[in-house]
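The values are calculated or read from the model by the stated rules, or taken from the named source; none is laboratory data. Not measured: the values here are computed from a predicted model. So basically every Cβ, Gly included, is an ideal-geometry build from the backbone, and we count neighbours across all protein chains shown. What goes into the accessible areas is simple: the full protein's heavy atoms, side chains included, and nothing from ligands, DNA or RNA. Shrake-Rupley method; radii C 1.70, N 1.55, O 1.52, S 1.80 Å.
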Amino acid sequence: MRGFFPLPKPLLTALAALFAVAAFLYAVLWTTYGTRGVLVELGFDNKYVFEDNSQLVESVRTQSPAERAGLTAGDRIIALDGNPIEGPDGITRVWARHKPGDHIELTIRRPGNSTPIVLHAIFRSSEAGVAEAGVMRSVGTQIMRLYPFVFLIVGFAVLFLRVEDPNAWLLALIFGGFITIPDFAGSFGAVPGFLRPIAIAYHEIFGSMVTAFFYFFFAVFPARSPIDRRLPWLKWAALLAMAILALPGLFLRETGMAVTPAWLSTPTAAHVISSLHYLLVLLGLISLICNAVVLTSTEARRKIQVILWGTLIGVLPAAVSLFAAEFFGLHIGVLLGVVIVVLLWLFPLSFAYAVVKHRVLEIPALLRRSARYLLVQRGFAILLIAMSVGVTIAFALFFARYLQSLTAAAVPGGIALGTAFGTVLLWTGAQVHKNVGHRIDRAFFRNAYDARLVLEDLLEKTRTATDRKELAALLEHHLKQALQPSSGALYLEIRSGQLLVAAGSSPNGSKAISPSDAALQELAKSGKPCDVVDGAVHGVPLPESLLALAPDCLVPILGRDERLAGLIVLGLPLSEEPYSSEDKRLLALIASQAGVALETILLGEKIAERIDAERRTAQEMEFARQVQSRLFPQTLPKMKTLEYLGGCLAARKVGGDYYDFLELRPGRLGMVMADIAGKGVPGALLMANLQANLRSQYAMAVEDLPRLLASVNRLFFQSTDQASYATLFFADYDDANRELRYANCGHLPALWLHHPQNSRQDDVTPAAQWLSSTCTVLGLFEEWESQIAEVTLAPGDILVLYTDGVTEAANESGEEFGAGRLVDVLMRYGQLPLPQLLQGVLDEVGQFSRGEQQDDITLVIARCLP
């Protein structure tokens, strides 16, 4: 359909802008007036009678305004305030213009009376006027009110990007019509008089023609469907028929109400018209499916796949629910309605992407990329414009009642005020865009490539990788799944210091590259993913061995000393879009974890070599101590209601005790204390294994702590021998309500010094309570379950986690320090600042035992703040 529009681009742009203003105006009016229902009632049930254009009163509720006015069952209302009834929804439109307490004059015909009777009644609040109860219903209503704006933002984003493309116009017309599908409560009666004709005209035209646009689009895009090739006139006939059916809505009375001929107001005619609409939807779906089956062009097939999935997932549930409600009276609830609206939003997001980009990804990649392309790369600016238009219209509507009382000369001033308001809002939005872009990136794209699932799986599996081959296979699989690169290669460091191809292609038989190359040195210095521009990185040309891979992005994998320990080479994505900032953020995270895994492999190899050499020097042990010290927490997440501190004194250079502080999420702190069965290097290695397993998965602790511990137990069981195990105490502290969830996996009971309720901290000696085991130790059994317990801390309460190196420290006569002495020391030093309190306990243990330390001494103290 290229070249279908002979109009110049400026004129097309102006028409698109006029269309956008009309559509957004209707959306604002629908959101403001079309969703709130009729606010008044008289308390009777009625049915429209076509023969004499009256409303038959079927029943009157007791003690209602209708009963007090004298209305009875069987009466026929023929006029309201002296005006004849205007069609089946005439009463609704009149009711919508009133509020509780208003008077209304009813002219009725009563059986047995030859002359009409005039009654007077006073409106009361209806059920629709009472605030809807229930959080779910309220939230659902707010989501429903957002319904039109997703369609309009996407539709006009595409239109303004492709204003000369007829397909983009068809798409905008479809989405402009989709916003008229929901009913307009009160039959437009609540809309201000000067805007009511516009709203009715838009609703009548686009509500009637949306299904014709729907079929027209699928009949010609991305190629003519088999139906259109056999019946090319059908799409034009559908447009003409629906345009004719829209004409009655264009004839307006002075009140702005639509005039519908009697033959169109009958139930039979309404069902026939509805059947035509559903028939066009069905023809559109059949055209879509036929194109997906019979098209031979790869390009067309890829586009039709995107449209097929977007339509089936988005449109089909909504069409089925509307059909069931209209023909069978099966109405859905609010919750299901919200689900259908959310699914329907998938339709414009995926559909618009297929129109704008002729080279689209397969379905899984599309679902991760389409929203990103429209809503962030270009759509955010259009969203700001749309918001400005919408708020400006709302601004104008808010002051409309004041402007109506002014002279005609003052109206331009009001318009200028509204325009200035919108301009200021747009300018402010542009400034905000610069500052919030990064936050939008993080909040929106957390799901863009299923990054959470990719990283969780990668974090779990890289911890168990025992060699470079296994690590390379994991990285290759996850990168392909996340980014869909057209080509790629992975280089990892070997013993000689060279980088060797571990996965992917190696052209020209060149499997190794030197990290000393100037371009690679520049890449390592930057420490982050870099685009390849004209065969160079930051202006430094790449070696020929890398250029042969046609790289588009290079990702350095750095070791602990910032050396280049690996390199990820990525070709252009299948979508032919450049790698975005979110892509590079994900790549940086994966590269960081790969670097840690590679370092772990290297460290394990080095430790194994030293053990096999049957000698350990002080220098080697010092190196191991430094490595282990890095495994203990280096920073303490800040809590408002809790101060905490930990310390460890290893019996040798390295040990098997482990403590950690984990920020599970803002305001949630994880406190870990573990004791590995073993000392020295074996205990340290097992400790590192446990720490790696725990840190790679701790994000799930808030939602499912038993699942986290079960996974840690399984990994620890699988990666250690049968005699290895660990005791562990895991506590999850909620800073907001001071609640402490914990699991004691065969560890020594934690000590909780707490004050009785309603007591002053300074007046009462705290009571000691022991948080005993809730499950067995980790690593002995593959099938393992844990129980979770909870306590609530109070200001001044102290929680102490410790290993057996504290309570089992013995003096010269063999007497142990014991839990009792630990309680006494804490009672004595409990008011000291936390560092002095921790040091005081360690000093007391050291003075009691004296001599050579026999076991690791590890201690964590936490105190609840006022």
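Scan the stretch 46-62 for residues that are closer than 15 Å to A121 by Cβ and either in contact with a strand residue (DSSP E or B) (Cβ under 6 Å, 6 or more places away or on another chain) or modelled with pLDDT under 85 (or both) and jot them down. N46, Q55, V57, V60, listed by residue number.
The C-beta contact set for the stretch 726-753 (first residue more than 20 Å from G667 (Cβ to Cβ), second residue of a type in the set (D, E, K, R) and assigned to a strand (DSSP E or B), distance under 6 angstrom, 6+ apart or interchain) comprises T727/D675. Identify the single condition in (1) at pLDDT 85 or above; (2) in a loop (DSSP other than H, G, I, E, B); (3) of a type in the set (G, A, S) that A121 does not satisfy, given that it satisfies every other one. The number of the failed condition is (2). With respect to the conditions (1) at pLDDT 75 or above; (2) surrounded by 19 or more Cβ atoms within 10 Å (Cβ to Cβ); (3) of a type outside the set (A, V, I, L, M, F, W, C); (4) out of contact with any helix residue (DSSP H, G or I) (no Cβ under 6 Å at 6 or more places or on another chain), T635 lacks only one, and its number is (2). When Q854, Q831 are screened for being outside any helix (DSSP H, G or I), touching a residue at least 40 places away in the same chain (Cβ under 8 Å) and either more than 23 Å from A651 (Cβ to Cβ) or open to solvent by 60 Å² or more (accessible area, probe 1.4 Å) (or both), only Q854 passes. For the residues E816, E790, the requirement of being acidic (D, E), over 22 Å from V672 (Cα atoms) and open to solvent by 40 Å² or more (accessible area, probe 1.4 Å) singles out E816.
Those helices (runs of 4 or more DSSP H) of the stretch 467-557 in which 3 or more residues are surrounded by fewer than 21 Cβ atoms within 10 Å (Cβ to Cβ), of a type in the set (D, E, K, R) and over 35 Å from the mean Cα position of the chain (by Cα) are absent. From the list G805, G830, G796, the one residue that fits, being in contact with a Lys or Arg (Cβ under 8 Å, 6 or more places away or on another chain) and not hydroxyl-bearing (S, T, Y), is G796.
Within the stretch 807-828, the residues that satisfy the criterion of being without any contact (Cβ under 8 Å) to a residue 12 or more places away in the chain and closer than 24 Å to Y658 by Cβ are E816, G818. The numbered conditions (1) modelled with pLDDT of 90 or more; (2) at negative phi are all true for G746 except (2). Screening A810, A862 for residues that are modelled with pLDDT of 90 or more and surrounded by 16 or more Cβ atoms within 10 Å (Cβ to Cβ) leaves exactly one candidate, A862.
Exactly one residue out of V21, V28, V40 is more than 30 Å from H120 (Cβ to Cβ), open to solvent by less than 50 Å² (accessible area, probe 1.4 Å) and either out of contact with any Leu (no Cβ under 7 Å at 6 or more places or on another chain) or among the hydroxyl-bearing types (S, T, Y) (or both): that is V28. Figure legend. Inter-residue proximity from the stretch 560-574: first residues within 17 Å of G504 (Cα to Cα), second residues of a type in the set (D, E, K, R) and part of a loop (DSSP other than H, G, I, E, B), beta-carbon distance below 7 Å, spacing 6+ or different chains. Indicated pairs: L570/D552; G571/D552; L572/D552. The residues listed here are A597, A624, A565; of these, the one that is hydrophobic (A, V, I, L, M, F, W, C), closer than 30 Å to S486 by Cα, in contact with a helix residue (DSSP H, G or I) (Cβ under 8 Å, 6 or more places away or on another chain) and modelled with pLDDT under 80 is A597. Taking the stretch 93-114 as the range and being open to solvent by 50 Å² or more (accessible area, probe 1.4 Å) and among the hydroxyl-bearing types (S, T, Y) as the test, only S114 passes.
State whether one or more residues within the stretch 168-190 are among the β-branched types (V, I, T), modelled with pLDDT of 85 or more and assigned to a helix (DSSP H, G or I).
Initial filter on the stretch 168-190 (among the β-branched types (V, I, T)): 174, 179-181.
Going one step further and asking which of them are modelled with pLDDT of 85 or more, we end up with 174.
Then drop every residue that is not assigned to a helix (DSSP H, G or I), which leaves 174.
Yes, the stretch 168-190 contains at least one residue that is among the β-branched types (V, I, T), modelled with pLDDT of 85 or more and assigned to a helix (DSSP H, G or I).
The sole residue among D165, D89 that is open to solvent by less than 70 Å² (accessible area, probe 1.4 Å), closer than 30 Å to A223 by Cβ and modelled with pLDDT under 80 is D165. Remark: pairs (first residue in the stretch 190-211, more than 14 Å from I244 (Cα to Cα); second residue charged (D, E, K, R) and at pLDDT 85 or above; Cβ separation under 8 Å; 6+ apart in sequence or on different chains) are absent.
Quick one: which of R668, R695, R714 is within 19 Å of T776 (Cβ to Cβ) and open to solvent by 20 Å² or more (accessible area, probe 1.4 Å)?
On the way: R668 fails: within 19 Å of T776 (Cβ to Cβ); R695 fails: within 19 Å of T776 (Cβ to Cβ).
One residue alone meets the criteria, R714.
Go through the stretch 558-573 and give me each residue that's in contact with a Leu (Cβ under 8 Å, 6 or more places away or on another chain) and not in a strand (DSSP E or B). I'd like the intermediate steps shown before the answer.
So in the stretch 558-573, the residues in contact with a Leu (Cβ under 8 Å, 6 or more places away or on another chain) come out as 558-559, 564-571, 573.
Listed by number, the residues that qualify are G559, G571.
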